[in-house]
């Protein structure tokens with residue numbers, strides 16, 4: 001049944017993805033595009049773009065949209081629940097034992113070991129999205145302008161999102 005598959009797939013994604021939404025993108029793509037075929041790679045890239053520009057965490061926005069597209073309102077609820085439930089469970093357990101293990105060198109070592117893995121997952125997501133995002137010279141120009149404005153000039157990201165949408169509307 002599609003509802004159970006959605007809940008299970010997004011529960012796995014939520015359970016085994018560390019580092020936030022961008023680190024989850026490779027797992028989401030593998031699960032919904034490669035393994036289940038619920039959406040195409042092009043649709044996934046569009047979902048990433050929409051999820052970035054709407055309020056809330058990218059992984060939850062993506063799960064909600066994919067669940068809705070796959071199985072309607074109940075599908076979106078279950079996909080979203082599957083994404084957040086593992087974090088909720090883990091956080092409840094961590095809060096319960098935090099002060100007991102606060103200074104434990106093994107726990108601190110494990111957390112230090114997760115940092116490079118998170119960086120790797122975020123880098124994989126960036127490469128995955130970039131492979132099919134640059135359509136033509138116009139998209140490369142938009143990217144370059146946004147990158148320079150954000151990185152060098154420190155322009156507000158909200159302004160960049162709105163300006164990019166306007167530029168895309170005009171250019172395409």
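Laboratory data are not the source of any read-out in this text; all were calculated from the coordinates shown. Since the structure is predicted, the reported quantities are computational estimates derived from the model, not experimental observations. Don't worry about glycine lacking a Cβ; one is built from the backbone with ideal geometry, like all the others, and counts go over all protein chains shown.
Values as computed for the structure displayed
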quantity	calculated
Calculated FRET efficiency for the pair residue 93/residue 41, C-beta based, R₀ 41 Å, to 0.05	0.70
Simple spin-label estimate for residue 73 and residue 34 in nanometres, 7 Å along Cα-Cβ	3.5
Among (1) 1.17; (2) 1.11; (3) 0.94, the entry that matches Cα Rg over 2.2 N^0.38 Å as calculated here	(1)
For 24, 160, 91, 1, order by how many other beta-carbon atoms lie within 10 Å, fewest first	1, 91, 160, 24
Helix-derived mean residue ellipticity, 222 nm - over the chain, DSSP H n ≥ 4, -39500 (n - 2.57), to 500	-28000 deg cm²/dmol
Cα long-axis angle, helix 157-171 against the chain (0 to 90 degrees, to the nearest 10)	40
Angle in degrees between helix 58-101 and the longest Cα principal axis of the chain, rounded to the nearest 10	40
Sites residue 132 and residue 100, calculated FRET efficiency, Cβ-Cβ separation with R0 45 Å, nearest 0.05	0.45
Calculated FRET efficiency for the pair residue 16/residue 140, C-beta based, R₀ 45 Å, to 0.05	0.85
Tilt relative to the chain, helix 2-16 - C-alpha long axis, 0 to 90 degrees, to 10	80
